[in-house]
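This report concerns only the one structure given below.
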Amino acid sequence: MDTHLTSTTSKKLLQKMQNENLVYLNGDSVEVNSASRLKLAIKAATLGADIERISDLLGWQEFEEIASLALINNGYAAKKNVHFTNKGRRWEIDVVGCSKPLVVCIDCKHWQRAITPSALKKMVNAQIERTEAFADSLPNPKLRIDCALWEKAKFIPVVLSLVPCAYKFYYQVPIVPILQLQDFITLLPAYVPELKFILKKFDKLSHDL
């Protein structure tokens, strides 16, 4: 009714969306899961829909879930909403993925409008600070993080966005659109030397904690 399309046209469009794995048609119902909701959001953005409205409709948990699943599907051990304390201050990292020797620390951002260089600088610096604090806080008996059992680890700050940004890197920190996350994870080991990372070495005592 809102689009003023006939039911025949609507069904054809929905069938096309199903063919693109954006929705699943079940009788008179249209069903979606978190992965397809994210695909729908990105599709709408590329077609010119209002980014602010899209962001309002997309839940933070869905965005983080997609990032976590992408890491797991590529052999990483992943945790969402990692809370920790370092030097008397409480911190949180949206998603942490571990695959020896890499620890990927992701900050999920689905900003609603074009991001300015100054705002991006603030986001990147904040994520670097969070990643440094996380590395410094380990080993932590309250956190079961795989990397604490390694001899050393490279902690990599990453900013994940819903839509592409004008910058692919900022201060050597990757700004990754969600649809390019798979490619980023695949290519990450080869590009680590060019990225910002925090090297942390763990001694035998830390393994016993």
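The values are calculated or read from the model by the stated rules, or taken from the named source; none is laboratory data. Note that the structure is a prediction, hence the values are computed from the model and not measured. Note that we place each Cβ from the backbone using ideal geometry, even for glycine, and neighbour counts take in every protein chain shown.
The one condition from (1) at pLDDT 95 or above; (2) under 25 Å from Asp50 (Cα atoms) that Glu129 does not meet is (2).
Would you mind stating whether Thr186 is without any contact (Cβ under 8 Å) to a residue 40 or more places away in the chain and over 14 Å from the mean Cα position of the chain (by Cα)? Taking the combined requirement at face value, the residue does not satisfy it.
Given the criteria out of contact with any helix residue (DSSP H, G or I) (no Cβ under 6 Å at 6 or more places or on another chain), touching a residue at least 40 places away in the same chain (Cβ under 8 Å) and over 22 Å from Ala41 (Cα atoms), does Lys122 qualify? No: the conditions fail for Lys122. Find all pairs meeting these conditions: Cβ atoms under 7 angstrom apart; at least six residues apart or on different chains; first residue within region 99-110 and surrounded by 18 or more Cβ atoms within 10 Å (Cβ to Cβ); second residue assigned to a strand (DSSP E or B) and among the charged types (D, E, K, R). Cβ pairs passing all conditions: Leu102/Lys154; Val103/Lys154; Ile106/Asp94; Asp107/Asp94; Cys108/Asp94.
The set of residues in region 148-171 being within 17 Å of Val95 (Cα to Cα) and under 19 Å from the mean Cα position of the chain (by Cα) consists of Lys154, Phe155, Ile156, Pro157, Val158, Val159, Leu160, Ser161, Leu162.
Spot the failing condition for Val95; the list is (1) at pLDDT 80 or above; (2) farther than 19 Å from Ile185 by Cα, and only one is missed. In the conditions (1) at pLDDT 80 or above; (2) farther than 19 Å from Ile185 by Cα, Val95 misses (2) alone.
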